[in-house]
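Each reported figure results from applying straightforward, stated rules to the coordinates on display, with no laboratory input. Remember, predicted model here, so these are calculated numbers, not experimental data. Here the Cβ positions follow ideal geometry from the backbone for every residue, glycine too, while neighbour counts run over all protein chains shown.
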Amino acid sequence: MLTAVRERDAYANLALPGILRRHRLRDRDAGLATELGYGTLRAQGLLDTIIDACTDRPLAKIEHALLDALRLGAYQLLRTRVPDHAAVTTCVELVRSDHGSQSAGFVNAVLRRIGEHTEAEWLDRLAPDPAEDPVGDAALRHAHPRWIAQAFADALGGTGEELTAALAADDTRPRVHLLARPGEITAEELALATGGEQAPYSPYGVHLEPGSGDVGELDAVAEGLAIVQDEGSQLVAAALARAELLGEDTGRWLDLCAGPGGKASLLGGLVAARGGTLDAVESSEHRADLVRRSVAELPVTVHVADGREAPLPDGGYDRVLVDAPCTGLGALRRRPEARWRRRPEDIATLTRLQRELLVAALRHVRPGGVVAYVTCSPHVSETVGVVGRIIGREGRPGPAGAVDQLDARASLPGEVPGLGDGPTVQLWPHVHGTDAMFLALLRRPLEG
């Protein structure tokens, strides 16, 4: 998996199931392979810092395959209960078989140096002084790039214990969340069928313990009764269906950024129960095909188009979802390689796209209708920054004209804690056990 991620820019969560099946790994073996692969990718920056301290050779000069082996061995030494001799021997012999004795000797020497100290001891030696650089210290200790840790601090409003808790939660293997598809199965039935437990907040959610094996082999998933979907995604999508409209809900809903189809599946089930329809827009033909599979037999029409210029009626929809393309910083615990791929310079391009999509959504929604703006990121530039630019200031409307902002907290279940002062909602792994989803609800005022 490390090779697939490095050489083909593969996504670990998509590559892993095939790897497990190809090598016929199940149960405990599959759980260990998942932990080693995900864990090594998640901790890459921390591991590289420690590896760099144990060799005179610059990391950029180490062959990629050897560096993969060093990272894997270092992760086992520092963050698992695999015996040290087993971790070292396995990695050394793997290198010896593919790259010869000289490379094996190099890997052996570096791993033995790493094994001389625990992770905590290495961090005490290598981390910045927390009094002088609390963000840098927390970033290294919890394996995040510094700029991402700073983005979390900005969203949380501080660099204290809550930042540490947020980064720690992001550095922990998450539970698997399932969506019980409305109209197909209830959350209670799904929990009984899978051995999981009902989600604390989403009425459609079920949680499974990490290491539960290939979720695709569960009968409920294989039969299309359930899909993998984070509880936070369920909450923000369902919030659109709960939001208060002005005027009648005519049952015309729109998902403007629908790929790969998870939220379209949930909204399609909800609108079907109300006798309505959903239009789903996706710019990529491949992802549009994934949407079609997700919404099969639901009253959903899939359109392949750029959401900014979709050939759909202006003012024609009661409810519009903009699940905008974003940095994905809110789902780093589920996409372990993503934190090391993203760059701060990605933000400017994404926020421009997000604003343009939100303006398009407000064009398509009818007066009195509601738009849900959603990102899987807590970065303030992608969240309140985008919303603020669209709303504008008093007496100076934004590019979409007059817009009313609703209190999004009112559209979430009442038992969800820690929602702050509103009107937007920012979920967090360390508070809610969900991905760090952001939600804003905007309504076009009635004309006249």
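Could you calculate the FRET efficiency of residue 125 with residue 447 from 1/(1 + (r/R0)^6), where r is the beta carbon distance between them and R0 is 41 Å, rounded to 0.05? Walk me through the numbers on the way to the answer.
On the way: r = 65 Å, r/R0 = 1.60.
Plugging the Cβ-Cβ distance into 1/(1 + (r/R0)^6) gives 0.05.
Helix 12-22 axis versus longest C-alpha principal axis of the chain: approximately 60°, rounded to the nearest ten. Treating the angle as unsigned and between 0 and 90°, give the value, to the nearest 10°, between the Cα long axis of helix 231-242 and the longest Cα principal axis of the chain. Tilt relative to the chain: about 0 degrees.
Under a model in which nothing but the beta-carbon of Lys, Arg (+1) and Asp, Glu (-1) is charged, region 2-119 shows a dipole of about 340 debye around its Cα centre. Residue ranges 54-64, 78-88 sort as 78-88, 54-64 when ordered by packing (mean number of other C-beta atoms within 10 Å per residue, highest first). Ranked by the mean number of other Cβ atoms within 10 Å of their residues, highest first, the peptides 31-37, 437-443 come out as 437-443, 31-37.
Tell me, rounded to the nearest percent, the portion of alpha carbon pairs in the chain spaced more than 41 Å apart.
Working: 21331 of 100128 pairs.
For the chain, the fraction of Cα-Cα distances above 41 Å is 21 percent.
Relative to the longest principal axis of the Cα atoms of the chain, helix 262-273 runs at roughly 30 degrees.
Counting each DSSP H run of 4 or more residues in the chain as -39500 (n - 2.57), what helix-only mean residue ellipticity at 222 nm follows after dividing by all residues, to the nearest 500 deg cm²/dmol?
Working: 20 runs with 208 residues, N = 448.
Estimated from H runs of four or more residues: -14000 deg cm²/dmol.
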